Amino acid sequence: MASAIPLVMFGGSVTTIGAGMAVDGWLIAEGHFMVFFPIESWLRDTATFVEHTHRLFGVLVGLFAIATVVSTFLKDPRRRARLFATLGLLAVCVQGTVGGFRVLENSPRLAFLHGALAQAVFAILVSSAVYLSPRWGGERQSRAGVTRGLRSLAGWTVVAVYGQVVLGAWYRHAIRPSTTPEATMRFLLHLFGALAVTTLVFLLARSLGRLGREGNRAAARKAHALLILLGVQITLGVGALVGYRSGTVGPIEWGLAICHVLGGGLLLGEAAVVRLWAATGAAGVEPDPAAGERGASGGRPSHLGGTA
């Protein structure tokens, strides 16, 4: 998952500075296979550096996703674990393909779709990483007390946060590389979305906090994480708005914008993890088919510790 963070940040930078078409071609970039793109061309200007680095991180995330699938099928007998690993790889492949066709077709619509899908893919990778980690199995008792209402609230929070992410991408594509007449309307929708997300995240955190006060430490940690991410994201959003200037992008606006994009992905990922955690209930982890064979010797099941 860690490799997806710079991928998202460079992807946000591509939109911020309008670098989507800085490199001609996709798999064959200006006559060279993408990973063998000449370094002197890569470093020729800021736009090319940002765009091509984004592509290289995409390749890296894809390789990690393949390695995760192989490792999971070899080491983890849980069906859901294999499903998550496979879903992560498929999501990365679809996202990369959309990005490639965005360049080949020089399509603003595909550019928006690529940006909107990016955060969904990031959330899938976050959920996969958490589910495949050893700590996930150790938290199965911490799900006691989770109600159907909490599961439903977590689900609606995921939907709202992702909708807000899509509205944010829609707004960003209305102001960069140049401002469109629809920018104000899109901003207002994004603002109303922020109010809805803030309300739902507070309600979800309050429900988790109630479990935390009853001794559920996992719920308390998740409540704190949601509130911290929400606060940081609101601060970054206000900063990005105040720092915006039409025309040339300054370093402060650039930094605030990409951090705001990343913050949206992290908040979505945390909300998705809470929904996954709540959905499994008190009997959250699938039994390990090999557990019976190890039970007599006191062995512990081995789970994969990470993903792309």
Using a cut-off of 15 Å between beta-carbons, work out the net charge of the residues near VAL69 (Lys and Arg +1, Asp and Glu -1, VAL69 not included). +4
Go ahead and collect, in residue order, the members of region 94-117 whose backbone nitrogen is under 15 Å from a label point 7 Å along the Cα-Cβ direction of ASP24. 103-106
Which one, GLU30, GLU51, GLU253, has the greatest fluctuation when you compute a Gaussian network model over the chain with C-alpha springs under 10 angstrom? GLU30
Could you list HIS114, HIS190 so that the one with the fewest beta carbons within 10 Å of its beta carbon is first and the one with the most is last? HIS190, HIS114
With loop defined by DSSP as not H, G, I, E or B, and exposure as at most 14 other Cβ atoms within 10 Å, which is the longest segment of the chain clear of exposed trypsin sites (Lys or Arg not before Pro)? 45-244
If each residue's Cβ is checked for other Cβ atoms within 10 Å, how do PHE10, PHE49, PHE73 rank with the fewest at the top? PHE73, PHE49, PHE10
Please list the non-local residues whose amide H lies under 5 Å from the amide H of ALA29, H modeled 1.01 Å from N, same-chain partners needing a gap of 5 or more. MET34
Just to confirm the number: angle between the C-alpha axis of helix 46-75 and the first principal axis of the chain, 0 to 90 degrees, nearest 10? 20
Give me CYS93, CYS259 sorted ascending by neighbouring Cβ count inside 10 Å, so fewest comes first. CYS93, CYS259
Evaluate E = 1/(1 + (r/R0)^6) for GLU182 and THR235, where r is the Cβ-Cβ distance and R0 equals 35 Å; express this FRET efficiency to the nearest 0.05. 0.85
Please compute the net charge surrounding HIS173, taking Lys and Arg as +1 and Asp and Glu as -1 over other residues with Cβ under 11 Å from its Cβ. +3
Given an 8 Å cut-off on Cα distances and at least 6 residues of separation, report the relative contact order of the chain as a percent. 29
Sorting LEU83, GLY237, GLY20 by the position of each Cα along the dipole of the chain (Lys, Arg +1; Asp, Glu -1; all at Cβ), the one nearest the positive end of that ordering is LEU83
Would you work out the charge dipole size for the chain about its Cα centre, treating the Cβ of every Lys and Arg as +1 and the Cβ of every Asp and Glu as -1, and quote it to the nearest 20 debye? 1300
Computed [θ] at 222 nm, helices only, for the chain once each DSSP H run of length n ≥ 4 contributes -39500 (n - 2.57): -25500 deg cm²/dmol
Quotient of C-alpha Rg and 2.2 N^0.38 Å, computed over the chain: 1.07
Quick one: angle between helix 108-132 and the longest Cα principal axis of the chain, in degrees between 0 and 90, rounded to 10, please. 20
Please give the FRET efficiency for ALA196 paired with ILE228, using the beta carbon to beta carbon distance and R0 = 22 Å, rounded to the nearest 0.05. 0.70
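Read the figures in this text as sums done on the coordinates, not as results from a lab. None of these values were measured; they are calculated from a predicted model. All Cβ positions, even for glycine, are placed from backbone atoms using ideal geometry, and neighbour counts span all protein chains on display.
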